[in-house]
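In what follows, a structure is listed as structure tokens, so that the remarks can point back to it.
The values are calculated or read from the model by the stated rules, or taken from the named source; none is laboratory data. This structure is a prediction, so every number in the text was calculated from the model and none was measured. Glycine also receives a Cβ, built like all others from the backbone with ideal geometry; neighbour counts cover every protein chain displayed. For the accessible areas, the whole protein counts, side chains as well, though only heavy atoms, and no ligand, DNA or RNA atoms are used. Shrake-Rupley method; radii C 1.70, N 1.55, O 1.52, S 1.80 Å.
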Amino acid sequence: EANAAKDPTNRYWWKREPRRLEAEIIRDNALAVSGLLDRRMFGPGSLDQNMKRRSVYFFVKRSRLVAMMQLFDWPDTMTSQGRRAITTTPSQALVFINSPQVREMARHFARSVITESDPVGSAVYRAHGAPPTEEQRRLMNTFFNAQIASYGGKKEPALVDFCHALLAANEMIYVE
């Protein structure tokens with residue numbers, strides 16, 4: 001409130017609106033965090049939506065566009081654009097919750113942190129680039145333990161759910 005009173009027009013940049021990443025970066029980040037990103041450079045592109053290479057290797061065929069990329073405002077292939085549109089829609093969140101590709105990423109991500117001494121902290125650090133605060137850790141451990149209980153004491157499927165939630169979090173698609 002004090003900053004808003006001193007600089008209501010934000011002329012001195014005391015606050016910054018979060019900026020959403022581009023479709024290619026969102027997909028590539030999720031693949032990288034999960035450990036599934038194929039880092040091979042050069043070579044042919046693909047129309048396969050399940051491809052694990054960077055998004056720059058997608059062929060653009062107007063009759064077979066990549067659905068996830070379209071949801072996050074991949075450039076229109078029918079017209080030239082000087083600037084990308086940036087939209088926020090419920091279907092963007094739903095693709096992260098319901099996509100079989102994202103669930104596969106979550107399974108692979110969980111397998112890579114399950115042997116850590118602190119799998120929750122390791123997963124958060126890997127996904128969001130910073131360790132969780134004490135309050136976040138408390139809430140995340142509560143969720144994780146509830147998931148373990150719901151799976152009859154099994155840790156692995158609970159960790160998959162936790163990693164899936166991390167991949168679907170705003171921290172994966174917005175730069176603060």
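Residues in region 147-161: is at least one under 18 Å from ARG103 (Cα atoms), at pLDDT 95 or above and within 16 Å of the chain's Cα centre (by Cα)?
yes
Is there any pair linking a residue in region 113-141 that is farther than 16 Å from ALA168 by Cβ to one that is open to solvent by 10 Å² or more (accessible area, probe 1.4 Å) and hydroxyl-bearing (Ser, Thr, Tyr), with Cβ under 7 Å and at least six apart or on different chains, and which?
Pairs that qualify, where the first residue is farther than 16 Å from ALA168 by Cβ and the partner is open to solvent by 10 Å² or more (accessible area, probe 1.4 Å) and hydroxyl-bearing (Ser, Thr, Tyr), are VAL113/SER122; GLU116/SER122; PRO131/TYR125.
All but one of (1) surrounded by fewer than 16 Cβ atoms within 10 Å (Cβ to Cβ); (2) over 16 Å from ALA32 (Cα atoms); (3) not aliphatic (A, V, I, L, M) hold for GLY121; which doesn't?
Result: GLY121 fails condition (1) only.
Within region 167-174, identify whether any single residue is farther than 19 Å from MET68 by Cα and either open to solvent by less than 60 Å² (accessible area, probe 1.4 Å) or without any contact (Cβ under 8 Å) to a residue 60 or more places away in the chain (or both), and answer yes or no.
no
Looking only at region 46-69, filter to residues that are modelled with pLDDT under 75 and farther than 24 Å from HIS108 by Cβ; which one of those is surrounded by the fewest Cβ atoms within 10 Å (Cβ to Cβ)?
Across region 46-69, the extreme among qualifying residues is SER63.
Taking the stated definitions as given, is GLU116 of a type in the set (Asp, Glu), surrounded by fewer than 18 Cβ atoms within 10 Å (Cβ to Cβ) and either in a helix (DSSP H, G or I) or modelled with pLDDT of 95 or more (or both)?
Criteria not met by GLU116.
What number of residues within region 36-45 satisfy the criterion of being closer than 22 Å to LEU167 by Cβ and open to solvent by less than 100 Å² (accessible area, probe 1.4 Å)? Please lay out each step first, then the result.
Residues of region 36-45 closer than 22 Å to LEU167 by Cβ: 36-39.
Subset that is open to solvent by less than 100 Å² (accessible area, probe 1.4 Å): 36-38.
Result for region 36-45: 3.
When you check SER80 against the structure, is it among the small types (Gly, Ala, Ser) and modelled with pLDDT under 80, yes or no?
yes
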